[in-house]
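S.K.: Okay, handing you the structure first.
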Amino acid sequence: MPVDLSLYLVTDSTPAILKGRDLCTVVEDALKGGVTVVQYRDKKSDTGDLISTAKKLHQVTQRYGVPLLINDRVDVALAVGVEGVHLGQDDMTFELAKKLLPKDAIIGISTSSIEEARKAVADGADYIGIGTMFATPTKTNTKSVIGTAGTQAILDAISDSSIGTVSIGGINHANVQRVLYQSKSPKKGLDGVAIVSAIVAADDPKASAEEFANLIKSTPVFALDSKVAGANKPETLVAEVPQIVRKLVEAHPLVHNMINFVVSNFVANVALSIGASPIMSPYGDEAKDLCKFNGALLINMGTLTSESIPNYEKAIKAYNTRGNPVVLDPVGAAATEIRRNAVSRLMSGGYFDLIKGNEGEIRQVWGSNAVQQRGVDSGPSTLTDSQKAALARDLARRERNLVLMTGAIDYLSDGERVFAVENGHPYLGQVTGHLRLFLGLPYSDKLLAVLSGLLMYEIAAENAAAKDYVRGPGSFVPAFLDELYAIRTAAAKGDDSWIAGRAKVHEVKI
Ligand SMILES: Cc1ncc(COP(=O)(O)OP(=O)(O)O)c(N)n1
Ligand SMILES: Cc1ncsc1CCOP(=O)(O)O
């Protein structure tokens, strides 16, 4: 029977991680919390001690019906009669281990490249440990840190095989869903995650394992495949928009805003105008209760302080745990070193269903071609339209999410499709704090949901700017709120005339 790799515990007996506790007790607690396979990894003990500890551990794991594997040492595995071994690239070869071990022994192999993974598949290994996912103090002599992109490339290369796969290195509660989700290649995903310190060093290993098990179970399956029929055609998508706006009005969703104080009042008014229920809470600990309302979380970094980041992280974790949507608006991401660091910290810790920003912000999130921002403005663009579209697509593809790059033309991508939206009005650019509530709707094509929010917003802006009493950004804001409210009222009555012939959307072929 194939081994359940979903929550794979790798032990560590060093004082910094085990903290002087009894290894068998810690492992038993972790098993109670839901660990599905255990690897005894001990780099320091002599053979005699390895065998005696492995025997004790085996008694524990057998009670829970969970396989015990030994790291590196085939001789210890044979002496104790455990279920298998885990071998690194510099350990005994797979062929020899296979010869020495019983026929049904589980053999796992460490891999960090496509070549190593292909060889493990060809040899007939039961599973591969893919890593190192993120740099980790638990193992500093790792060959390479490959991240979710490197893991995805390996999974893609072996997608025709049924070999088991786990990711290892720096995985914790805040990033486990992102690891599972973002590593997925079209035909093959990870079967689990291997964890050392986040369970063994935890004050409560049972609670930690339980939390991992829940997070793994609730990892969102991103619906890249679940699109409406013909969903590459703008006209097909736009035809769906009115019913999505209607659903939003009916759903009256909660939106939790961790918003900058400049636009807080405006954002609350926009939410109320379109029939949503806003709550402004910069207090991260509150998120564990607020996320239960199944709304969306908006993180807007506009007025970042030293306290913001830990609060954001708590809230992101709470929403990611439940699989509820999180939107990142990395305001001024490229303006200062503090903001640049904040963006990389948030990006490495949590999963964002939508990243929305101007060109400068999106380039900073992308990383490799960042530009210095002046304040929160994007500054003059050096990219062609097609490069902008490619940037939005590539970031969405890398992060396995949606990216909306705003500007005179907005580019919206899910990593596959890119749509350019030319609605809106320049006054809108002077009112920051756009809300994207639509992601929270139970609608499988998330790109279409965001497009609906965008069109509602931008058509309201056009309507407002056309009023004869609107003479600039000051008089624009109340008119804009009125127009959002007018669309909401029309949508609730089933009147779709607000969008008829108005959407300026086209697909960008790159
Ligand atoms: C599940 C899993 N994957 C990878 C490793 C790392 O093994 P290796 O490269 O042999 O390094 P050491 O563990 O020997 O330091 C692993 N142990 N488990
Ligand atoms: C054994 C191993 N191999 C690659 S990283 C790693 C250690 C992972 O430890 P942690 O889960 O504490 O980051």
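Rule-based calculations on the coordinates, nothing more; no lab input. Predicted model only: the values in this text are computed from it and were never measured. Cβ: placed from backbone, ideal geometry, glycine included. Neighbour counts: every protein chain shown.
S.K.: Just to be sure I understand: of the beta bridges DSSP finds with both ends in region 81-191, what percent are antiparallel, rounded to 5?
M.R.: Values: 1 of 14 bridges.
Taking every DSSP beta bridge with both residues in region 81-191, the antiparallel ones total about 5 percent.
S.K.: While we're here: Using Cα-Cα distances under 8 Å and only pairs 6 or more residues apart, what relative contact order does region 7-217 have, in percent? Walk me through the intermediate numbers first.
M.R.: Working: 399 pairs, mean separation 48.9, N = 211.
It comes to 23 percent, rounded to a whole number.
S.K.: Using 0.36 nm per residue of separation minus the Cα-Cα distance, give me the extension gain between residue 122 and residue 344 in nm, one decimal.
M.R.: On the way: separation 222, 0.36 × 222 = 79.92 nm, distance 3.75 nm.
Gain in length upon complete extension: 76.2 nm.
S.K.: For residue 402, which sequence-distant residues (separation of 5 or more, or a different chain) have an amide H within less than 5 Å of its own amide H, given hydrogens modelled in the peptide plane?
M.R.: 354, 355
S.K.: Related question: In region 7-217, what percentage of the DSSP-assigned beta bridges are antiparallel, given to the nearest 5? List each step's numbers first, then the result.
M.R.: Numbers: 1 of 29 bridges.
For region 7-217, the DSSP antiparallel bridge percentage is about 5.
S.K.: Expressed in nm to one decimal, what extension gain is obtained for the pair residue 468 and residue 265 from 0.36 nm per residue of sequence separation less their Cα-Cα distance? Don't skip to the end; give the middle numbers.
M.R.: Working: separation 203, 0.36 × 203 = 73.08 nm, distance 2.52 nm.
Length gained between residue 468 and residue 265: 70.6 nm.
S.K.: Let me ask another. Take peptides 414-427, 346-359, 279-292 and line them up by average Cβ neighbours within 10 Å, highest first, as a rough protection proxy. If you can, show how the numbers build up before the last one.
M.R.: Details: 414-427: 19.9, 346-359: 23.4, 279-292: 16.6.
Highest-to-lowest ranking by the protection proxy: 346-359, 414-427, 279-292.
S.K.: Next question. Starting with the highest mean, order 169-181, 380-392, 195-207 by the number of other Cβ atoms within 10 Å, averaged over the residues of each peptide.
M.R.: Numbers: 169-181: 22.5, 380-392: 16.2, 195-207: 20.5.
My ranking of the peptides, most packed first, is 169-181, 195-207, 380-392.
S.K.: Can you compute log10 of I(q)/I(0) for region 234-507 with the Debye formula, treating each Cα as one identical point scatterer, at q = 0.08, 0.12, 0.14, 0.16 Å⁻¹?
M.R.: Debye output, listed in q order: -0.29, -0.68, -0.96, -1.30.
S.K.: Would you mind working out the magnitude of the charge dipole of the chain relative to its Cα centre, with +1 at each Lys and Arg C-beta and -1 at each Asp and Glu C-beta, to the nearest 20 Debye?
M.R.: Working: 53 positive and 57 negative charges, 6 e Å.
Dipole of the chain, to the nearest 20 debye: 40 debye.
S.K.: FRET efficiency for residue 92 and residue 140, Cβ-Cβ distance as r, R0 = 25 Å, nearest 0.05?
M.R.: Numbers: r = 24 Å, r/R0 = 0.94.
Efficiency at R0 = 25 Å is approximately 0.60.
S.K.: Follow-up. Dipole of region 234-507, Cα-centred, from +1 at each Lys and Arg C-beta and -1 at each Asp and Glu C-beta, to the nearest 20 debye? Please report the intermediate quantities before stating the final value.
M.R.: Details: 27 positive and 30 negative charges, 101 e Å.
Using Cβ point charges on Lys, Arg, Asp and Glu, region 234-507 gives about 480 debye.
S.K.: Restricting to Cα pairs below 8 Å that are 6+ residues apart, what does the relative contact order work out to for the chain? Please round to a whole percent.
M.R.: So the answer I get is 12 percent.
S.K.: Between their Cα atoms, which of 43/217; 292/446; 184/504; 139/184; 119/139 are more than 28 Å away from each other? Can you show the working numbers first?
M.R.: Values: 43/217 32 Å; 292/446 21 Å; 184/504 33 Å; 139/184 24 Å; 119/139 24 Å.
Beyond 28 Å between Cα atoms: 43/217; 184/504.
S.K.: I'd like to compare 475-484, 88-97: which one has the highest average count of other Cβ atoms within 10 Å, and what's the full order after that? Before the final figure, lay out the partial values.
M.R.: Details: 475-484: 19.6, 88-97: 14.3.
For the peptides 475-484, 88-97, the packing ranking is 475-484, 88-97.
S.K.: Just the number, please: percent antiparallel of the DSSP beta bridges in the chain, rounded to the nearest 5. It would help to have the intermediate numbers written out before the result.
M.R.: Numbers: 12 of 59 bridges.
Here the antiparallel bridges make up roughly 20 percent for the chain.
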